[in-house]
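**Q** What follows is a structure written as structure tokens; I'll ask about it next.
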Amino acid sequence: MIHLSRFAGVALVGLLLAGCQPEASAPRPDPVAMTDNALGFYCQMNLKEHPGPKAQVHLEGLTGMPLFFAQVRDAIAYQRMPEQESPIVAVYVSDMGKAKSWEEPGADNWIRADDAFYVAGADVGGGMGAPEFVPFGTEADAETFAKQHGGHVVRLGGIADEDVLAPVDFKTDADGNFLPPETTPSK
């Protein structure tokens, strides 16, 4: 009887220790190509109708169905908001170094957001007109863009919360009507 109790005790301890092992994390999902049907999470507008870089955020449990964003700035803001209901498992941004043009950022030239080099403070707005953090896959491409359009190169961790979470003041005319911002880089 004592041998059986010892065996049961050892088995119980083994089970408890096995339960303490960290769960194997699921593999990071691959980026999803932007289709003609892709809509921005906040604006619910067709992404291909807006110029500039885009982003996609993958949430736990929604494999292959990312949230798309019309601006990289909006995806960074979403990532940093405390109200997340589902854990974020991956964030991808357009590699503007591989984009055909500002108007056509590409459907499948995605890079991991934390690997990108961003140009902050450039003379362009994103797809929705707010200041944009323009992502590039290489520091050299980001530096070239910054020399042409102003701004400076920063990594994702160097972007301050207030730069993505603060409201944006848009220009208005004398009657208070919204003036669309310049969203296309000047040549």
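Every number in this text was worked out from the coordinates using simple rules, so none of it is lab data. Remember, predicted model here, so these are calculated numbers, not experimental data. Heads up, the Cβs are rebuilt from the backbone with ideal geometry, glycines too, and the neighbour counts pull from every protein chain shown.
**Q** In whole angstrom, note down how far apart the Cα centers of the stretch 43-97 and the stretch 122-146 are.
**A** Value for the Cα centre distance between the two parts: 16 Å.
**Q** Between Met81 and Met45, 0.36 nm times their residue separation minus their Cα-Cα distance comes to what?
**A** 10.8 nm
**Q** Report, as a whole number in µm² per second, the diffusion coefficient that Stokes-Einstein gives for the stretch 37-187 at 4 °C and 1.567 mPa s using the Kirkwood radius over alpha carbon pairs.
**A** Using the Kirkwood radius from Cα pairs, D works out to 83 µm²/s.
**Q** Suppose each label sits 7 Å from its Cα in the direction of the beta carbon; what would the Asp175-His152 distance come out to in nanometres?
**A** 4.2
**Q** Here's something else I'd like to know. Just to confirm a number: summing +1 for Lys and Arg and -1 for Asp and Glu over residues other than Trp110 whose beta-carbon lies under 10 angstrom from that of Trp110, what do you get?
**A** Summing Lys/Arg as +1 and Asp/Glu as -1 gives 0.
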